[in-house]
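As C-alpha cells, the structure follows; a few thoughts come after it.
Readers should treat all values here as calculations from the given coordinates under stated rules, not as data from a laboratory. Everything quoted here is computed from the prediction, not taken from an experiment. Note that we place each Cβ from the backbone using ideal geometry, even for glycine, and neighbour counts take in every protein chain shown.
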Amino acid sequence: MLLNILLLAGLSAARMACGQAASPAASALATAEEKHLRNVRQLTFGGSNAEAYFSADGKRLIFQSTRGDLQCDQIFTMNVDGTDQKMVSTGKGRTTCSYIFPHGDKILYSSTHLADAACPPRPDYSKGYVWAVYPGFDIFTAKLDGSELKQLTTTPGYDAEATISEDGKKIVFTSLRHGDLDIYSMDSNGKHVKQLTHELGYDGGPFFSADRKWIIYRAYHPKTEQEIAEYKELLKQNLIRPTTLEIWIMKADGSGKRQLTNLNAASFAPSFYPDGKRIIFATNMGSTGGMGNFELYAINVDGTGLERITFSEGFDGFPMFSPDGKQLVWISHRNGKEQRETNAFIADWVP
C-alpha cells in the first residue's frame with residue numbers, strides 16, 4: 001500500500017504514456033500451471049499501476065497509477081473491462097491505498113498533497129532496501145469523481161493503508177501516531193479511533209472479512225536486540241526494511257491475533273476469499289537474488305493448505321476477489337513492454 005510495495009520487485013514508477021491498446025489473447029496472458037485463472041484480460045497498458053480493488057457491486061475498480069506526465073502515484077477509477085479510466089485524486093503529492101465505499105458514492109484514499117504539492121523524495125537506498133513511511137500522508141474521502149474532498153486524519157505522522165468494512169461503517173488503517181506502525185480502526189467519518197495492534201514492529205495492509213468479524217494484515221515484529229535497534233533507527237528516519245513480512249489475522253476488535261504464515265519472506269497484500277475461509281496474498285518465498293520473484297498464494301484461515309496460484313516470471317501481487325467470487329483482479333509484470341511496467345489484470349476464477 002502506501003509503502004509502494006511495487007518497489008519490492010524493483011518497480012519504480014515508469015513515466016510513459018498509458019493509452020489503451022489491443023489486449024493479447026487470454027491464452028497468452030496465463031501460464032499452463034495457472035489452473036485457477038481463465039479468460040485473463042489486461043486492463044491497463046503501460047506505466048506503473050498498483051492496488052486495483054473492486055467496488056461493492058463488482059462493476060468498477062479503483063487503483064493507483066504513475067502514467068503520462070505524473071511523477072508519482074495518483075488515484076484512478078475504471079470499469080472492470082478497463083474502459084473509462086479517469087483520475088479522481090488531486091494530481092498533487094503522492095497518493096496510495098484507495099477504496100470505494102460500499103454504496104458506491106464515495107472513495108477513500110491517502111495523500112501527501114497537504115504537506116507538499118510536489119512528490120515526496122524517494123527513500124535513501126544507500127541504507128539498503130527500505131520503504132519510505134512519508135509523514136505527510138493523511139486519509140481522505142471524496143465523491144466518486146474526486147470532488148468534495150474531506151480530510152479524516154489530522155494527527156502528525158503517517159496515516160495510510162486504509163480499507164472499509166462491507167457495511168461502510170468502519171475504516172481500518174495503519175498509523176504512526178503513537179510512535180510505532182500499528183493498525184487502528186475508526187468510524188467512516190474519522191471518529192472513534194481505536195488502536196488494534198500494540199506489538200513492536202510494523203503492522204499494516206489491513207483488510208476486513210466480508211462478515212466484518214476478522215481483519216487480515218501483514219506484520220514484521222523484530223525479535224533480537226539487533227533487529228529491534230535497526231527497526232527503531234530506521235523508523236526515526238520514516239523508513240522501514242520490508243524484507244520479512246508474515247500474514248496475520250485478528251478479530252475486528254484487535255483480539256485473537258494469530259500468525260498464519262511462517263515463510264521467512266516478504267509476504268503482503270492479503271485479502272479474503274468471499275466466503276472468508278481462505279486468504280490470497282503475494283510473497284517472494286523461495287526467490288533468490290534481491291527481492292526476487294513475487295507470486296500469488298492462498299492459505300486457509302487456520303494456516304493450513306498453502307497453495308500457489310500464479311506461475312509468471314516477475315511480479316504478481318495485490319490480489320482481490322470480486323464480491324461474488326467469480327473474478328480475481330491483480331497486478332502483474334506479465335506482457336509488459338518496459339522493464340518496470342506493471343498492469344492490472346482480471347480473470348475468471350476457477351475454484
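Taking Cβ atoms as reference points and 15 Å as the exclusive limit, the residues near Asp105 contribute a net charge of +2, counting Lys and Arg as +1 and Asp and Glu as -1. I want to verify a result. In a Gaussian network model of the chain, Cα cutoff 10 Å, which of these has the top mean-square fluctuation: Asp324, Asp145, Asp69? Maximum among the listed residues: Asp69. For the pairs Lys223/Lys277; Lys257/Lys277; Lys170/Lys236; Lys213/Lys257; Lys169/Lys213; Lys59/Lys86, flag any whose C-alpha to C-alpha distance is greater than 21 Å. Flagged as over cut-off: Lys223/Lys277; Lys170/Lys236. Normalised size of the range 88-239, defined as Cα radius of gyration per 2.2 N^0.38 Å with N residues, equals 1.05.
If you plug the beta carbon distance of Ala28 and Val193 into 1/(1 + (r/R0)^6) with R0 = 41 Å, you get a FRET efficiency near 0.30. Over all Cα atoms in the range 251-320, the spread is summed up by Rg and Dmax: 12.6, 39 Å. The distance separating the Cα centre of the range 212-265 from that of the range 54-69 comes to 27 Å. Extent of the chain along its three principal axes (Cα atoms, max minus min coordinate, largest first): 50, 45, 43 Å.
Taken over the range 157-281, the ratio of Cα radius of gyration to 2.2 N^0.38 Å equals 1.03. Across the chain, the relative contact order, built from alpha-carbon pairs under 8 Å that are at least six residues apart, equals 16 percent.
Exposed loop sites here are GluC sites (Glu not before Pro) assigned a DSSP state other than H, G, I, E or B and surrounded by at most 13 other beta carbons within 10 Å; excluding them, the longest clear run of the chain is 149-312.
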